[in-house]
Ligand code: CTP
């Protein structure tokens with residue numbers, strides 16, 4: 001399923017040079033399954049032609065309250081009432097001021113005033129206008145009325161000044177929009193997630209590690225925030241960007257991950273251990289790079305501490321729900337069952353790492369869940385969708401524990 005599947009979104013475009021960026025937003029949301037209708041103010045349609053938005057959304061663009069052919073298409077009142085979300089992007093200081101004071105003198109402002117769906121506003125303007133106390137007061141009025149503001153970014157404006165006021169980057173706006181469209185079933189939950197591999201140093205140049213990319217753990221963090229959770233991600237080395245709204249602590253070795261997790265676990269309601277922690281580390285780490293001629297060719301290893309097992313021992317005292325992963329290449333169910341029991345888990349996601357599309361580095365996954373209700377095979381799908389399905393099970397367990 002695509003991120004915006006089945007969502008009806010009305011986008012209001014006002015008179016800012018950033019209107020051209022919103023053409024990209026509309027295109028992405030449409031491609032990801034949304035039914036997007038665009039309303040433009042007169043100033044908005046001077047920056048980007050309505051035809052552009054019509055072509056990108058596949059829907060007629062509404063610009064004028066009194067144009068006969070537009071009013072026949074669909075009533076704008078109805079549009080704002082049937083939508084899942086009304087997004088004004090870019091929102092100028094003028095439109096923000098009008099909306100803050102209930103002035104409904106054009107099609108967009110009238111639609112917003114009559115809307116019964118959530119309204120989000122993405123300001124874009126010169127930083128002087130944005131920082132002006134009048135604009136700030138108007139933004140506060142809109143927030144008090146329950147509108148969500150997508151904070152603008154800091155940077156250089158079209159007018160060559162620098163400061164806050166640039167339209168938010170899509171990556172951040174998208175997460176806020178998805179948050180608004182998602183049921184907030186994890187509100188109030190403090191979720192600790194581990195992700196990625198660990199690295200165990202042999203010398204300053206070399207380490208032992210594994211193929212984990214961190215994608216599954218990061219997908220869990222991103223989707224949990226979207227569903228309202230407060231997320232702390234403890235991550236081994238990866239190339240992934242920290243998901244929006246997630247607090248991240250970076251670690252390198254299993255020992256560092258152990259220390260951070262044990263410290264953070266006392267304060268959370270759910271722990272998900274998606275990290276591929278190294279089971280072994282070199283018995284000795286050379287302080288200088290080992291030279292070819294001095295190498296012994298035999299590596300003495302010792303076992304690392306099992307973090308999940310330790311969390312299982314501490315579970316009753318701190319009262320969190322504990323979820324682990326099992327990376328397996330054979331006898332999946334049997335191995336998962338053993339780990340669930342030995343590590344005192346509430347849920348385990350068993351992962352077949354022998355397939356290219358379900359294991360390390362892949363963008364898709366297929367896991368089997370095991371909890372007190374038995375085994376459930378989840379479908380082969382994106383890691384983000386897999387994350388949502390795992391969170392559905394966690395959410396159900398949390399609800400039944402109340
Ligand atoms: N895990 C951990 N600390 C370790 C090793 C594993 O916390 N030192 C956690 C992983 O994050 C995962 C779960 O334990 O949630 C299972 O990891 P996995 O590698 O599948 O199994 P192991 O317990 O390491 O056992 P084995 O390698 O023998 O299968």
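Just so it is clear, none of the values below were taken in a lab; they were calculated from the coordinates. Since the model is a prediction, treat every value here as computed from it, not as a measurement. Here the Cβ is made from the backbone with ideal geometry for all residues, glycine too, and neighbour counts use every protein chain on show.
A few remarks follow.
- Between residue 330 and residue 42, the simple spin-label model (points 7 angstrom out along Cα→Cβ) gives 7.6 nm.
- Among 193, 272, 307, residue whose mean-square fluctuation peaks in a GNM of the chain (springs only between Cα atoms under 10 Å): 307
- Gaussian network model of the chain, Cα within-10 Å springs - most flexible of 325, 130, 297: 297
- Residues 169, 200, sorted so that the one with the fewest Cβ neighbours within 10 Å comes first: 169, 200
- Residue with peak Gaussian network fluctuation, the chain [Cα springs, cutoff 10 Å], from 110, 194, 223: 110
- Sorted by Cβ neighbour density within 10 Å, fewest at the top, the residues 40, 216, 65: 65, 40, 216
- Whole-angstrom Cα spans of segment 238-365 along principal axes, big to small: 52, 34, 33
- FRET efficiency, residue 145 to residue 363 (Cβ-Cβ, R0 35 Å, nearest 0.05): 0.30
- Overall form of segment 349-396 per C-alpha gyration tensor (a/c, 1.5; a/b vs b/c): oblate
- Relative to the longest principal axis of the Cα atoms of the chain, helix 170-181 runs at roughly 90 degrees.
- Stretchable slack from residue 256 to residue 205, in nm (0.36 nm times residue separation minus alpha-carbon distance): 16.5 nm
- Rounded if a/c under 1.5, otherwise prolate or oblate - segment 1-115, Cα gyration tensor axes: rounded
- Rounded to the nearest 500, the 222 nm mean residue ellipticity of the chain from helices alone is -11000 deg cm²/dmol, with -39,500 (n - 2.57) taken per DSSP H run of at least 4 residues.
- Helix 254-264 and the longest principal axis of the Cα set of the chain meet at an angle near 60°.
- Set of segment 161-196 residues, backbone N closer than 19 Å to the point 7 Å along the Cα-Cβ line of residue 267: 187-195
- Taking Cα atoms only, the orientation of helix 383-401 departs from the longest principal axis of the chain by about 80 degrees.
- Residue exposure sequence - 318, 101 - by fewest surrounding Cβ within 10 Å: 101, 318
- Binning the C-alpha pair distances of segment 193-266 at 5 Å intervals from 0 yields a P(r) profile of 3, 17, 27, 22, 17, 8, 3, 1, 0 %, listed from the shortest bin outward.
- Cα gyration tensor shape of the chain, rounded if a/c is under 1.5, else prolate or oblate by comparing a/b with b/c: prolate
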